[in-house]
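The values are calculated or read from the model by the stated rules, or taken from the named source; none is laboratory data. Remember, predicted model here, so these are calculated numbers, not experimental data. In this analysis, Cβ positions are derived from the backbone assuming ideal geometry, glycine residues included, and neighbour counts consider all displayed protein chains.
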Amino acid sequence: MNNARLLADPRTVAVVTGQQAGLFGGPLFTLLKALTALKLAEQVARDHNVPAVAIFWIDAEDHDWEEVRSCAVFDADLTPRSVSLPSRPGVDPAPVATVKLDDSVRIAIDELEQILPATEFRPSVIAALQRAYAPGTGMAESFGRWMEHVLGDRGLIVFESSDPASKPLASQVFTRELSMPGQTGRLSAIAGSDLTARGYHAQVHQHDDGVALFHLDGGRRAIRQQDGGFLVGDQRYPGRGAAAAGHRAAGRLQPERPAASGGAGHALPDGLLRRRTERARLSRSAARRLRALRRADAAHVSARHSPPSSTHQRCASSRSTSCRSKRCRRRTRRP
């Protein structure tokens with residue numbers, strides 16, 4: 001809690017990472033993400049003499065039960081084994097935070113105990129999992145309890161994204177998204193094209209009529225734009241007043257997770273959300289500057305391999321070439 005209180009200090013820097021609420025902590029890289037955030041926070045505090053904290057954001061409103069219901073471990077022979085909770089066939093997609101564990105989680109823990117090697121650590125690990133993953137507890141809450149047990153003493157702040165107290169703090173984000181439908185999709189398409197051009201694959205395939213929000217009302221439904229209004233399932237909402245509606249309905253809206261393929265926790269204070277929004281704005285500005293620098297580099301390389309012109313002038317007082325074009329302000333050493 002001491003680190004959570006640091007968030008009230010406007011000087012505090014937050015190192016944020018996150019993952020879905022996988023069974024028994026999920027895959028190993030989940031733990032590595034949290035440890036990396038802790039190490040980075042320590043380094044930032046040391047190098048810049050500012051308070052710094054590590055925050056683990058639980059994607060508690062993700063609806064992909066198949067992704068989170070299993071856990072892979074090694075047995076005594078170092079053979080990978082999988083422990084799983086039952087699938088939920090025929091059930092409408094719902095945020096993982098709304099899924100309550102039943103007695104099947106006890107069976108899974110008993111199975112895990114039989115698989116794990118008989119070391120001095122096994123009894124304490126099993127006991128801690130039994131406390132965190134108790135029947136009647138939400139899947140996301142159990143995951144948060146486990147993360148706090150493992151890394152809470154090291155200062156990790158665990159935040160569950162489904163916490164209703166945090167929704168009003170993000171209402172401006174919801175309002176802006178509803179006021180500019182399609183803008184997020186267009187930006188993600190540009191970023192996807194850039195990734196594809198560099199040999200990677202696009203992470204998001206946003207529909208032209210989609211809004212980067214889901215409506216939560218028992219289940220999770222996409223919001224689409226149509227004829228100046230919005231569609232949630234078969235229900236139509238007028239476009240006029242959408243911003244005000246987004247503010248009022250903050251508790252029932254959820255940001256769409258970027259990777260569309262494919263009570264533990266502390267509420268984030270308003271100051272932190274403002275800083276995260278500001279950092280997002282700065283990141284977009286930095287991306288624009290990076291694109292400008294790339295264009296300048298391209299122009300500079302092209303100029304160096306083209307015949308001399310009045311744009312590039314040799315400096316008589318030094319062994320360098322100065323480029324005076326608007327796009328290129330670099331100085332390069334003469335070979």
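Condition check: in a strand (DSSP E or B) and either at pLDDT 95 or above or assigned by TED's automatic domain parsing to the domain that holds Leu23 (or both). Does Ala45 satisfy that?
Working: in a strand (DSSP E or B): no; either at pLDDT 95 or above or assigned by TED's automatic domain parsing to the domain that holds Leu23 (or both): yes.
Considered against the rule, which asks whether it is in a strand (DSSP E or B) and either at pLDDT 95 or above or assigned by TED's automatic domain parsing to the domain that holds Leu23 (or both), Ala45 comes out as no.
Of the residues in segment 79-88, how many are in contact with a Ser or Thr (Cβ under 6 Å, 6 or more places away or on another chain) and part of a loop (DSSP other than H, G, I, E, B)? I'd like the intermediate steps shown before the answer.
Initially, segment 79-88 is screened for residues in contact with a Ser or Thr (Cβ under 6 Å, 6 or more places away or on another chain), giving 82, 84-86.
When the remaining residues are screened for being part of a loop (DSSP other than H, G, I, E, B), the result is 85-86.
Going through segment 79-88 one residue at a time, the tally reaches 2.
Scan segment 190-210 for residues that are crowded, with 16+ Cβ neighbours inside 10 Å and either modelled with pLDDT of 80 or more or assigned by TED's automatic domain parsing to the domain that holds Ala94 (or both) and report the count.
Residues that pass the stated criteria total 1.
Any chance you could count how many residues in segment 89-133 are within 27 Å of the chain's Cα centre (by Cα), part of a loop (DSSP other than H, G, I, E, B) and small (Gly, Ala, Ser)?
Counting residues in segment 89-133 that are within 27 Å of the chain's Cα centre (by Cα), part of a loop (DSSP other than H, G, I, E, B) and small (Gly, Ala, Ser) gives 1.
Exactly one of these conditions fails for Pro27: (1) surrounded by 13 or more Cβ atoms within 10 Å (Cβ to Cβ); (2) on the phi > 0 side of the Ramachandran plot. Give me its number.
(2) is the only condition that Pro27 fails.
Can you work out which of the residues in segment 211-250 that are part of a loop (DSSP other than H, G, I, E, B) and surrounded by 15 or more Cβ atoms within 10 Å (Cβ to Cβ) is modelled with the lowest pLDDT? Steps first, answer last, please.
Going residue by residue through segment 211-250, those that are part of a loop (DSSP other than H, G, I, E, B) are 218, 227-228, 233-234, 238-241, 249.
Applying the additional criterion that residues be surrounded by 15 or more Cβ atoms within 10 Å (Cβ to Cβ) yields 239, 249.
Values: Gly239: 68, Ala249: 53.
The extreme case among them is Ala249.
Out of segment 134-169, which residues are under 14 Å from Leu101 (Cα atoms) and either outside any helix (DSSP H, G or I) or among the hydrophobic types (A, V, I, L, M, F, W, C) (or both)?
Answer for segment 134-169, where residues must be under 14 Å from Leu101 (Cα atoms) and either outside any helix (DSSP H, G or I) or among the hydrophobic types (A, V, I, L, M, F, W, C) (or both): Ala134, Pro135, Gly136, Thr137, Gly138, Met139, Ala140, Phe143.
When you go through Leu151, Leu178, Leu156 one by one, which is the residue that is crowded, with 17+ Cβ neighbours inside 10 Å and at pLDDT below 85?
Values: Leu151 fails: at pLDDT below 85; Leu156 fails: at pLDDT below 85.
None of the other options fit; the residue is Leu178.
Take Leu31 and decide whether it is touching a Cys at 6+ places or on another chain (Cβ under 7 Å), at pLDDT 95 or above and among the hydrophobic types (A, V, I, L, M, F, W, C). Give the derivation first.
On the way: touching a Cys at 6+ places or on another chain (Cβ under 7 Å): no; at pLDDT 95 or above: yes; among the hydrophobic types (A, V, I, L, M, F, W, C): yes.
No: the conditions fail for Leu31.
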